[in-house]
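Working notes, beginning with the structure itself.
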Amino acid sequence: MKSRPLAIALAVLALFALMFAAACGGSDASESAGQPMPESGKAVPSMPPDGRPPEAGDDTAKAGNENGNENGNEAETETRARATTGSEESKTEAARRRDTSAEQISTFALDVDTASYGYSKRAITEGRLPEAGQVRPEEFVNSFKQDYAEPKDDGFTVHMDGARTPGNGTALLRVGLQTRGASAEARRPANLTFVVDVSGSMDEDGRLDLVREALHKLVDQLGPGDHVSLVAFSDRADVVLSMTPATDRDRLHAAVERLAIQQSTNLEAGLTSGYAEAAAAFRPVAVNRVILLSDGLANTGDTTWQGILDRVADAAGKKITLLCVGVGRDYGDELMEQLADNGDGAAVYVSSVDDARKVFVEQLATNLDLRARDAKAQVVFNPSVVESYRLIGYENRQIATEDFRDDGKDGGEIGPGHSVTALYEVRLRGGASGQLATATVRWQDPDTRAPSEAARSLEAGDLAASPWEGPTPRFQVDVVAAGFAEYLRAGEGIAGAGPDDLAAHATRLAASTEDPAVTELAGLIEKAASLR
């Protein structure tokens with residue numbers, strides 16, 4: 001039993017040794033805590049030699065930023081300051097102004113929505129400015145034609161270009177993704193379930209008349225392999241027409257004409273009934289899509305996008321996608337956008353017969369068929385060239401770095417002939433050269449769910465000297481569109497261009513592109529400036 005005091009003494013000595021070791025290691029722990037961290041909470045990974053994004057679990061993904069320990073205290077102070085500022089701003093504004101000097105990887109779900117630009121056009125034309133929260137720069141940019149080469153297969157091409165902004169050490173980087181187009185005749189057959197809002201609010205400004213016109217145009221474009229069903233909803237949902245071959249056009253047109261204004265807006269009931277119809281008539285060989293036409297002003301039943309999508313989750317899991325078509329002067333933008341983003345779909349806005357023709361005639365194959373499911377993009381910046389970056393827009397489409405190759409995480413659904421553009425403002429390190437960034441797109445085959453990737457890199461030496469001299473006209477149009485969106489939502493443009501500059505550039509570019517949409521953009525910028 002004499003060994004017991006000795007054992008106790010040894011235990012006490014061991015305890016003191018551990019305490020001493022912890023105290024000695026305290027400075028290392030503090031430096032690690034102050035190291036810049038991305039949104040995922042992991043230390044910033046360094047750029048792999050090949051420029052590709054690091055795989056989750058790779059040693060490179062776990063490695064810390066070389067400068068993180070040296071600047072730990074400063075980064076920690078900046079992080080606390082940003083947290084205080086962010087609490088005083090809206091979520092959108094806080095995300096827009098997020099300082100990304102401590103990050104090098106940008107990951108987001110692809111988005112082909114254009115509703116924000118469509119609704120903003122209508123508001124400005126009517127003499128009012130859209131609310132800042134309704135302005136999404138990526139939807140402004142993606143509303144315009146691009147100049148990207150199409151792939152030869154059913155995947156994506158990746159395009160990268162950019163231009164320096166003279167005088168302030170920054171540059172604009174464009175990442176463009178393009179799918180191969182398809183004619184209406186070459187697309188797969190479609191099972192389309194239209195869910196039409198016939199509530200009292202749809203009686204204003206000829207909204208329901210516009211919806212009828214849009215549906216008539218679409219019916220006339222459908223092929224012999226297509227089928228259509230029609231659901232109308234107000235305070236409840238009614239099946240106006242069960243799934244019917246598109247060749248029975250008289251019956252389809254007659255069903256559209258029977259749509260009539262009723263009472264309140266139970267969007268939950270409408271989508272629940274619509275998805276049930278789509279699921280009952282599901283065809284594996286066809287594109288199965290629900291098309292919601294509404295002003296988005298839900299006031300009966302569950303009015304949250306989460307609750308509505310929960311109700312249709314089982315049916316949507318059968319590979320049924322969603323297209324939200326918004327109408328009306330008073331428009332539930334947030335609900336329609338969130339339904340599209342989280343419901344495997346897209347959101348567009350129509351305010352005229354010309355808009356309806358564009359969506360349902362000119363872009364029929366693009367809006368109905370699919371090239372890719374759950375598509376995501378990831379841009380890895382070289383920290384030796386790029387000091388910091390800002391993704392312009394896509395605030396509510398950003399995803400965690402480690403979710404890029406997690407095929408269970410939701411991405412964007414992309415049709416044939418779709419282009420997706422992302423613009424970045426980047427601050428360059430003085431005199432830096434070499435690879436600036438690598439962009440990778442990952443998607444799943446619409447039928448087999450097999451994943452694929454494509455990538456491309458850009459060298460700092462490939463940047464044009466100015467956004468307005470050297471880059472292609474379409475690059476410049478993208479800068480104007482994004483700058484206009486930033487002006488509308490924050491009162492400031494990009495690349496040092498105010499509204500007068502943006503309008504002048506748009507007028508010049510309208511002549512060189514011979515694009516009426518760019519001419520319209522120039523007029524909208526001038527009108528918006530006069531309304532401030």
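Below 8 Å between Cα atoms, with a sequence gap of 6+, how large is the relative contact order for the range 289-358 in percent?
The normalised contact order for the range 289-358 reaches 36 percent.
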Response to the item:
Taking a probe of 1.4 Å and leaving out DNA, RNA and ligands, the range 369-432 shows per residue an accessible area in Å² of 28 Å²
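Assign unit charges at the C-beta atoms only (+1 for Lys and Arg, -1 for Asp and Glu), then state the dipole size of the range 103-159 relative to its Cα centre in Debye, rounded to the nearest 20.
So the magnitude is around 340 debye.
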Worksheet item: For the range 169-272, what is the charge dipole size about the Cα centre, in debye to the nearest 20, if Lys and Arg each add +1 at the Cβ and Asp and Glu each add -1 at the Cβ?
Response: 600 debye
Practice prompt. Taking the Cβ of Gly223 as the centre, find all other residues whose Cβ is under 9 Å away and add up their charges (Lys, Arg: +1; Asp, Glu: -1).
Written response: -1
Worksheet item: How large is the dipole of the range 133-206 about the Cα centre if only Lys and Arg carry +1 and Asp and Glu carry -1, each at its Cβ, rounded to the nearest 20 debye?
Response: 500 debye
Item to complete: Determine the sum of side-chain charges near Gly328: Lys and Arg each +1, Asp and Glu each -1, restricted to other residues whose C-beta is under 11 angstrom from that of Gly328.
Response: -4
Worksheet item: Per residue, how many Å² of accessible area does the range 142-231 show with a 1.4 Å probe?
Response: 36 Å²
Worksheet item: Along the charge dipole of the range 127-197, which of Gly133, Ala184, Tyr148 sits closest to the positive end, that is, farthest toward it, with unit charges on the beta carbon of Lys, Arg, Asp and Glu (+1, +1, -1, -1)?
Response: Tyr148
Worksheet item: Which of rounded, prolate, oblate describes the range 304-373, given a ≥ b ≥ c as roots of the alpha-carbon gyration tensor eigenvalues and a/c under 1.5 marking rounded, otherwise prolate only if a/b is larger than b/c?
Response: oblate
Worksheet item: Counting alpha carbon pairs within less than 8 Å and at least 6 residues apart, what relative contact order, in whole percent, applies to the range 419-461?
Response: 40 percent
Worksheet item: Taking the highest mean first, how do the peptides 111-121, 249-259 order by number of other beta carbon atoms within 10 angstrom per residue?
Response: 111-121, 249-259
Worksheet entry | When each of Lys152/Lys217; Lys121/Lys376; Lys319/Lys409; Lys121/Lys527 is checked by Cα-Cα distance, pairs over 19 Å | Lys152/Lys217; Lys121/Lys376
Worksheet entry | Inter-part distance where the range 167-221 and the range 508-525 are each reduced to a Cα centre, Å | 22 Å
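Of the peptides 402-412, 263-273, how do they stack up when ordered by the mean number of other Cβ atoms within 10 Å, highest first?
263-273, 402-412
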Practice prompt. Using Cα centres only, tell me the gap between the range 297-315 and the range 342-379 in whole Å.
Written response: 21 Å
Discussion item. Per-residue counts of other Cβ atoms within 10 Å, averaged by peptide: what ranking do you get for 376-382, 162-168, highest first?
Written reply: 376-382, 162-168
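The values are calculated or read from the model by the stated rules, or taken from the named source; none is laboratory data. Since this is a predicted model, take the numbers as computed values, not measurements. Neighbour counts run over all protein chains shown; Cβ positions are idealised from the backbone, glycine included. For accessibility, only protein heavy atoms count, side chains too; no ligands or nucleic acids. Shrake-Rupley method; radii C 1.70, N 1.55, O 1.52, S 1.80 Å.
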